[in-house]
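Read through the structure below, which is laid out as C-alpha cells, and then see the notes.
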Amino acid sequence: MTTKKPQYVLSLDLGTTGNRAILFNSEGNVVSQEYKELTQHYPQPGWLEHDPEQIWRDTRLVMYEALGDADISASQVAAIGLTVQRETCLLWDKTTGKPLHNAIVWQDRRTSAVCRELIEQGYAQKVQEHTGLVLDAYFSATKLAWLLDWVRQNQPDTNLDNVLAGTIDTWVLWNLTGGQVHATDHSNASRTMLMNLAKGDWDTELLDLFGIPAQMMPQIKPSMGMFGNTDPDLLGASIPITAIFGDQQAALFAHGCDRPGLLKCTYGTGCFLVAQTGKEMTRSQNRLLSTVAWSKAGPEGAIDTNYALEGAMFTTGACIQWLRDGIKLINSAPETDALARQLEDTNGVYFVPALSGLGAPHWDMSARGAFLGITGGVQREHMVRAVLESIAYQVKEVVDAMNKDGDTAIARLKVDGGASQNDFLMQFQADVLGIPVERPAFIDATAQGAAFGAGLAVGFWEDYDQLVATSKVGKVFEPGEGAATAQGNFVMWQKAVERAKQWTD
Ligand code: ADP
C-alpha cells in the first residue's frame, strides 16, 4: 500500500452561528468546504445556549463531508487548525463524555447581577490588572461559576473530580482526540477572565474568587504547536492538531496583522476590531480589552506571545439574524443590501443594537435593543436600513476609541466575516468613518487563519508573509457622497444609544 504525501490542511471554524470545515491546498486555496447552521436556544430573555453535542456532531459531519467532497483521505491531511467562538463554555463528565448542561454562549447575560455585585465590591480593577479585561458577563468566568452552581443544585450526586471545564475549542479538541487531551490555547484562555495575562497561566486568585476548582481547567498551550492527534477511528487515520485560535485572533493572523499598528474588523454575529500590539501588553485608556493575539511554541519549551487591543461589539450580524428569525422582517440576510438601497435614508429611525447589552466602549450589561424616531411613514425597509447603519455606527465608536488610545489615527480598515459581504453596509462604513474599507476576496479569514497557523506549525508552509500575500483584495470602498450625512447622523445615533442604556437596572 502506498501512502500519499499530505497535501492539505483542514480548518475547523466553529462559530456562533454555524460550524464550518474548509480544506486548503498547498497554495493556500480552498479545495472544498461544508457548513451547518447551529441552533440558538433562548431559554429566557437575555439568555443564549448552544447544545455542545450538536456542535461536536456537526463538526464531525462537516469534516467528513469536506473530505468526501474532494475525495481526500485523512492520511493526505498534514494538520488540523481549530478556531472557535470565544468565551462560550461548558462542563462535561470525563467518564461519560456527556455535557452536564448546555453551553452558555458569550452573548448570554444571566450573570450580569453577579458581575455588578463584584464591581460594587471593588473587584473591577483587580480583574482588569490580572486579565486585561473589563469585568463583564461576556467572559467565561461567571458562566462557569453559574454552571457549577447549577450542577451542585440539580445534580448533587455528580462527582466533581470527574468534571472537566472548557471553552468550545477544549470540548472539540477533547472529542477529536478521543478524550485524550484536555487543553486550550492562550488566545482562548485570555477570554475566560481566569487567565493571568502577564503569566499566560490560570490565575489562582481569580479561580478562588469565582469558585472554580483548578483541576477542572484545561492546560494552556501555545496557539501554534502540537495539541494532539485525532483518534484514528474518527477519520481512518490520525491527523495532528497543530493550531488553536479564538476566532477573532485567527482572522487577525490571516490578515497578516503581526506588527503593531496593523488591525482588522470582523463582521460576524458581533463586530470585533482587533489591533496587534506586538510583544507589548498595552493597556487601554478607553475601555478596550488587552488580550493575547496568539502564542507560538519556541525551542526548549519557550513561548513567544503576541498581544492585541480589542473593541468587542456584541450584536451586529446577530441583529440581521433577529430580523430574519425573530421578527421575520426579512427572509435572508443578503436581501438587506437591496432593501436598504431602495431608500434615501431611514426616515429618521435609529436602531440601538443592544440585544445582549452593549460592549465596547460602553460596557453596559443592562442596555437593551431599541428603535427610536418612529413616525407613521416608517416602513419595513427603513427599519432594515436603520439596523445596517447601526452596525457601522458601532464600529465608528470603537475606531474613535482606538484612535484616542493610539499615536496614529487608523487610516484604512481591513474587514472580513459574514456581514462584510453586504456592499451597502461596507459603503456606509467607509462613509461614516471617512476612511477606505478593504475587503479581501476570501472573506472567511477566521478559517484561513487557523489553516495558516496549523500549516506553519507543522512545517507544511514555511513563510507566513508569502502565505498572507496570496490573499487577494476583493474590493475597496472609498468614502463617497454620503459621508457628510452619515457622519452627521452618527451624532443622532449616539443620542439614541444614551436612551437605551441602563434599561434593565
Ligand atoms: P460567526 O462566525 O459569528 O458565526 P459569520 O462570520 O459566519 O459569523 O457571519 C454570520 C453573520 O453574518 C450572521 O449573523 C448573519 O446574519 C450575518 N450576515 C451574513 N450575510 C450577511 C449579509 N449579506 N448582510 C448582512 N449580514 C449578513
Close pairs (8 angstrom Cβ cut-off, 6 or more residues apart or separate chains): under 26 Å from Q40 (Cα atoms) and open to solvent by 20 Å² or more (accessible area, probe 1.4 Å) in region 102-120, of a type in the set (A, V, I, L, M) and in a helix (DSSP H, G or I) anywhere: V114/A145
Elements of type helices (runs of 4 or more DSSP H) contained in region 140-234, each with 3 or more residues being β-branched (V, I, T) and modelled with pLDDT of 95 or more: 168-176
Among residues of region 339-368, those that are open to solvent by 60 Å² or more (accessible area, probe 1.4 Å) and within 14 Å of the ligand (Cβ to nearest atom), counted: 1
Residues that are more than 20 Å from S32 (Cα to Cα) and under 17 Å from the mean Cα position of the chain (by Cα), drawn from region 417-456: A419, S420
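Take the residues in region 312-331 that are polar (S, T, N, Q) and near the ligand (Cβ under 8 Å from one of its atoms), then tell me which one is nearest to the chain's Cα centre (by Cα).
Narrowing region 312-331 to residues polar (S, T, N, Q): 315-316, 321, 331.
From what's left, near the ligand (Cβ under 8 Å from one of its atoms): 316, 321.
Numbers: T316: 12, Q321: 16 Å.
Ranking the candidates gives T316 first.
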Failed condition for A367, given (1) in contact with a Ser or Thr (Cβ under 9 Å, 6 or more places away or on another chain); (2) not in a loop (DSSP other than H, G, I, E, B): (2)
Subset of region 471-505 [out of contact with any strand residue (DSSP E or B) (no Cβ under 8 Å at 6 or more places or on another chain), polar (S, T, N, Q) and within 20 Å of R412 (Cβ to Cβ)]: Q487
Residue under evaluation Q466, criteria (1) in a helix (DSSP H, G or I); (2) exposed (fewer than 13 other Cβ atoms within 10 Å of the Cβ); (3) at pLDDT 95 or above, criterion not met: (3)
Only one of P52, P45 that is out of contact with any Lys or Arg (no Cβ under 8 Å at 6 or more places or on another chain), under 30 Å from A367 (Cβ atoms), free of Cβ contacts under 8 Å to residues at least 24 places away in the same chain and more than 14 Å from the ligand (Cβ to nearest atom): P45
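Tell me the residue from L67, L90 that is away from the ligand (no atom under 16 Å from the Cβ) and either more than 14 Å from S11 (Cβ to Cβ) or touching a Lys or Arg at 6+ places or on another chain (Cβ under 9 Å) (or both), please. First the steps, then the outcome.
Working: L67 fails: either more than 14 Å from S11 (Cβ to Cβ) or touching a Lys or Arg at 6+ places or on another chain (Cβ under 9 Å) (or both).
Exactly one of L67, L90 is away from the ligand (no atom under 16 Å from the Cβ) and either more than 14 Å from S11 (Cβ to Cβ) or touching a Lys or Arg at 6+ places or on another chain (Cβ under 9 Å) (or both), namely L90.
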Subset of region 20-38 [surrounded by 13 or more Cβ atoms within 10 Å (Cβ to Cβ), more than 18 Å from A454 (Cα to Cα) and within 13 Å of the ligand (Cβ to nearest atom)]: Y35, K36, L38
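The values are calculated or read from the model by the stated rules, or taken from the named source; none is laboratory data. Here the structure is a predicted model, which is why all the values come from computation and not from measurement. No Cβ is skipped: glycine too gets one built from the backbone with ideal geometry, and neighbour counts run over all protein chains shown. Calculation scope for accessible area: heavy atoms of the full protein, side chains included, ligands and nucleic acids excluded. Shrake-Rupley method; radii C 1.70, N 1.55, O 1.52, S 1.80 Å.
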